[in-house]
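Here is the structure we will look at.
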Amino acid sequence: MSNLATLFWAELRREWILVFRYPLELVSRLIWNLGFALMIYYGFNAIGSGGGQALPGFQDGQLGRLLGMLVTYIAMNGLNNAVELINQETQTGTFEQAALSPPPLWVILVMRDLASYVEMILRFALVLGIATLLTGVRFHLDVPALFVILTLMYLGLEGIGLILGGGALLYKRVGTLTQFAAMLVFGLSILPLEGLPTWMKGFVDVFPFTQALVLLRRSAVSGESLAAMATQGTLPALALTSCIYLAIGLVLFARMERVARERGTLNQY
Amino acid sequence: MTHPIASPVLVEAVSKQYPPRAGRDPLLAVQGVSFQVAPGEVLALLGPNGAGKTTTIKMIAGLLRPTAGRITLSGVDVASDRSRAVSTLGAVLEGNRNLHWKLTVRENLAYFGALKGVRDVRRRSDLLVDRLDLGSHVTKRVGELSRGLQQRVAIAIALLGEPRVLLLDEPTLGLDVLAGRQFQQSVKAIARSGAAIILTTHQMEVAQSLSDRVAIIAGGRLATLDSLGQLLEAHRTPGYEIRIRGVVPAPLLETLAGRGVTPLEADESGLTGLSVPEGHPEWLYEVLDGLRAERLELVRVQQQAVDLEEVYRRIVKELP
């Protein structure tokens, strides 16, 4: 356990150093994130005021749009992180050094993703703060609830990210697959879930992203507490779904890592 | 299972076959290779490109799983208990590419120290910074350093966990003469501290300077495994080497051939030469007289020596 904490701290420190070592990159990211948030917000406002109806995925109005943006972006990162890390580090050569370290690769990847998640959450808190100031949107913000729901969702999506990462270890080019997963997440954030075909509804009901989106809206719009969500079973359902996704991701990644060590594809790019 | 007195590196009948991919046939990269390395010993693993050196090194490092055979590090099986086995291992496999170039030397040491589970990383880093003379560079980003310094940082990282085994794959590639020499001194010091070192290189002078034993691998098989001294002795041709400027005329060569004299290939300075067998000192004078008669400039006469490069060339040439 202490080893995991040391590893997590080392990854967080590395992330932190890199974020602040390149201030222009940091500012660009913030501007990009803010621009994305405002584009979604004003874009869908324009659709609404143009005589059309607000898209059902954003039926909670302005707040829904901002939250949708936040969750979508974090979810996309959760899906992409492992693949990006593997692709980037196999090219720089540092992946091999990680792969010959004592901890299994999945441990290192999960710690890296969690460190990246912490940085992302802090960046988004800042972006959300600026966005609410600029748009005038005011809402109830239950920070612990937001954190718990987002973290559970991220862990679940990390499972899918690990499967895609395992694919990158074996097949290298999995860009189309990760783009598809990201588009799926983006699509689910704007589509009316109620109008989906039954087979698809069955899928979104057990998808951490959509479960988290529903809980976040309840928390932010209705002020529903974590305790209430726990009692109703919605929060445990998200936790269980995420755990299952993560467990499947870990098992499959470990299997694919083993195959990559057999095939010799671990450090190829 | 850990043996009471386990060899730091034990490679037993190891083979590696890469599975077929994208229309290519399966590739048998390593076939039944066996060797071990003792504490404080430097083993040079030599061979032509594609011979199986890097595959062997990567199997020892646990980056590749052997198809057959067994590799143990300090008695721990790499295939079945990789984490524990590699905890005794340090490796410089891609030199400066194994480092985070955007981080400073100190930050790299701290990061990889955590990854390797090193206790008291700061103290260990200070020690290595001092030992590898990196003191004035610790706050510089690795990307700003020269290749020689980056290589030293890579070694410092490999040594963080006080490894009993150090793997060095082409460690002097791209280093200038001074950096290469400094690197060799560092490796000798590490070996003196008791680490077993496996080195792969195409630079024979580096292998000759550093290694205690030499393994030559070709076509995935171990062609030779012997101590450096014995290899050099076994391939020594007793006699004299005469170096001259100019070309020895064919009639003179024909005359001298009866004395067992053979022409030598031009050396790196373009000097041609003759090899005169030992045991008949008068033959040497006859050769010198013949050269004087032809007014060929004599540059040097010395006892014939063989270096590792020559031995390597002979062994590889003889292979099927």
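What to note about this one:
- Put simply, of B:Leu115, B:Leu64, B:Leu43 the only residue that is crowded, with 16+ Cβ neighbours inside 10 Å, farther than 26 Å from B:Asp212 by Cα, of a type in the set (A, V, I, L, M, F, W, C) and assigned by TED's automatic domain parsing to the domain that holds B:Val187 is B:Leu64.
- Residue within region B:47-55 that is modelled with pLDDT of 95 or more, of a type in the set (Ser, Thr, Tyr) and crowded, with 21+ Cβ neighbours inside 10 Å present: no
- Region B:194-302 holds strands (runs of 3 or more DSSP E) entirely within its bounds, and those carrying 1 or more residues that are farther than 24 Å from B:Val316 by Cβ and touching a helix residue (DSSP H, G or I) at 6+ places or on another chain (Cβ under 7 Å) map to B:239-245, B:272-277.
- Selection from region B:131-152 of residues that are away from every other protein chain (no Cβ under 12 Å) and not charged (D, E, K, R): B:Leu132, B:Leu134, B:Gly135, B:Ser136, B:His137, B:Val138, B:Thr139, B:Leu145, B:Ser146, B:Gly148, B:Leu149, B:Gln151
- Note on region B:91-110: residues that are closer than 21 Å to B:Arg122 by Cα, buried (at least 23 other Cβ atoms within 10 Å of the Cβ) and within 8 Å of another protein chain (Cβ to nearest Cβ) amount to 3.
- Selection count, region B:153-167, where residues are without any contact (Cβ under 8 Å) to a residue 60 or more places away in the chain, within 13 Å of another protein chain (Cβ to nearest Cβ) and not hydrophobic (A, V, I, L, M, F, W, C): 0
- Members of region B:68-90 that are within 11 Å of chain A (Cβ to nearest Cβ) and within 22 Å of the chain's Cα centre (by Cα): B:Val86, B:Thr88, B:Leu89, B:Gly90
- Considering only residues in region A:192-214 that are assigned to a loop (DSSP other than H, G, I, E, B) and surrounded by 13 or more Cβ atoms within 10 Å (Cβ to Cβ), the one that is modelled with the lowest pLDDT turns out to be A:Leu196.
- Among the residues making up region A:125-156, those that are of a type in the set (Phe, Trp, Tyr) and either surrounded by fewer than 22 Cβ atoms within 10 Å (Cβ to Cβ) or out of contact with any Phe, Trp or Tyr (no Cβ under 8 Å at 6 or more places or on another chain) (or both) are A:Phe139, A:Phe147.
- Only one entry in B:Gly50, B:Gly62 is at positive phi and away from every other protein chain (no Cβ under 13 Å), namely B:Gly50.
- In summary, A:Pro104 fulfils each of the numbered conditions (1) within 14 Å of chain B (Cβ to nearest Cβ); (2) touching a Leu at 6+ places or on another chain (Cβ under 8 Å); (3) modelled with pLDDT of 85 or more with the single exception of condition (2).
- Residues located in region B:286-299, provided they are within 25 Å of B:Arg236 (Cβ to Cβ) and either modelled with pLDDT of 90 or more or in contact with a strand residue (DSSP E or B) (Cβ under 6 Å, 6 or more places away or on another chain) (or both): B:Val287, B:Leu288, B:Leu291, B:Leu298, B:Val299
The values are calculated or read from the model by the stated rules, or taken from the named source; none is laboratory data. Model, not experiment: these values are computed from the prediction. Glycine also receives a Cβ, built like all others from the backbone with ideal geometry; neighbour counts cover every protein chain displayed.
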